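Asks: My questions will all concern the structure given below.
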Amino acid sequence: MITSKPLNVAVFASGGGSNFEALAVKFKDSPSIGVSLCVSNRRTAGVLERAERLGIPALVISPSQFTSEKEYVDALLSSLDEHGINFIALAGYLKMIPSGLIDRYRNRITNIHPSLLPAFGGKGMYGRRVHAAVLDAGVQWTGATVHLVDEEYDTGPIVLQEPVPVGGADTPEKLAARVLKVEHRIYPMAIELLQSSDFEIKGRRVIIAEHSG
Ligand code: GRF
């Protein structure tokens, strides 16, 4: 368990925000987890409309608004503090998370990636590119991964994965749509698992304690 208090989640997103909505809807009536803030780095991101429709406060905070990384991190931290945020879920967030934020929220930041990491991850591997690379490689399975966030792209300890078969008639778009459905299901599951379990991090492994009875 990350904290005995309920998780008060901020979702960071740069794009359409379907994962943001899946999390917000799933946890709407949960006593132990709630999505109470959306943070985007893009004024035109579709996620902002979703946040408005769902009545969840949203902020646009981008490194380009600040003259130094320190100012940027301070602004992020004070906004998160104002909303009482104790957990961050990245969902299609295309900016590197500054180390000041990772230090403060160590093992309390997750990301979702549309492949079975460590395959098809890393800098520049996002959106359609991931699925095109999967098809180019000829692999028969892809999937979705939820992992804890560290200082690199897509390398943090893996919390949950689910495979998705690749079909002969797949295009990057068809594959993306099938993987996205799985993402919407496993992202809330992974956060629930972290909230409700005792776990430890050993190297890159997340070891969830087995409960008897
Ligand atoms: C998802 O495929 C997620 O895995 C990746 O970015 C995409 C975001 O989609 N990190 P959405 O904005 O949540 O619809």
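Asks: So, in region 1-36, of the ones that are of a type in the set (A, V, I, L, M) and away from the ligand (no atom under 16 Å from the Cβ), which residue ends up nearest to ASN107 (Cα to Cα)? Talk me through it step by step, then tell me what you get.
Replies: To start, the set of residues in region 1-36 that are of a type in the set (A, V, I, L, M) comprises 1-2, 7, 9-11, 13, 22-25, 33, 35.
This time we only want the ones that are away from the ligand (no atom under 16 Å from the Cβ), so: 1-2, 7, 33.
On the way: MET1: 11, ILE2: 8, LEU7: 13, ILE33: 16 Å.
The selected residue is ILE2.
Asks: Which numbered condition in (1) at pLDDT 95 or above; (2) within 29 Å of VAL179 (Cα to Cα) is the only one that SER78 fails?
Replies: Against the list (1) at pLDDT 95 or above; (2) within 29 Å of VAL179 (Cα to Cα), SER78 comes up short only on (2).
Asks: If you don't mind, there's one more thing I want to ask. Given the condition out of contact with any helix residue (DSSP H, G or I) (no Cβ under 8 Å at 6 or more places or on another chain), outside any loop (DSSP other than H, G, I, E, B), open to solvent by 30 Å² or more (accessible area, probe 1.4 Å) and within 12 Å of the ligand (Cβ to nearest atom), answer yes or no: does some residue in region 178-190 qualify?
Replies: Yes, there is a match, as at least one residue in region 178-190 is out of contact with any helix residue (DSSP H, G or I) (no Cβ under 8 Å at 6 or more places or on another chain), outside any loop (DSSP other than H, G, I, E, B), open to solvent by 30 Å² or more (accessible area, probe 1.4 Å) and within 12 Å of the ligand (Cβ to nearest atom).
Asks: While we're on this one: Which number in (1) open to solvent by 50 Å² or more (accessible area, probe 1.4 Å); (2) within 16 Å of the ligand (Cβ to nearest atom) marks the one condition that ARG104 misses?
Replies: All conditions pass for ARG104, except number (2).
Asks: Hey, which of the helices (runs of 4 or more DSSP H) in region 19-134, taking only ones fully inside, have at least 1 residues that are of a type in the set (Ser, Thr, Tyr)?
Replies: On the way: elements: 46-54, 69-82, 99-104.
Where helices (runs of 4 or more DSSP H) fall fully within region 19-134 and carry at least 1 residues being of a type in the set (Ser, Thr, Tyr), they are 69-82, 99-104.
The values are calculated or read from the model by the stated rules, or taken from the named source; none is laboratory data. Given the structure is predicted, the values throughout are model-derived calculations rather than measurements. Virtual Cβ from ideal backbone geometry, glycine too; neighbours counted across all protein chains shown. In case anyone asks, the SASA skips ligands and DNA or RNA and just uses the protein heavy atoms, side chains included. Shrake-Rupley method; radii C 1.70, N 1.55, O 1.52, S 1.80 Å.
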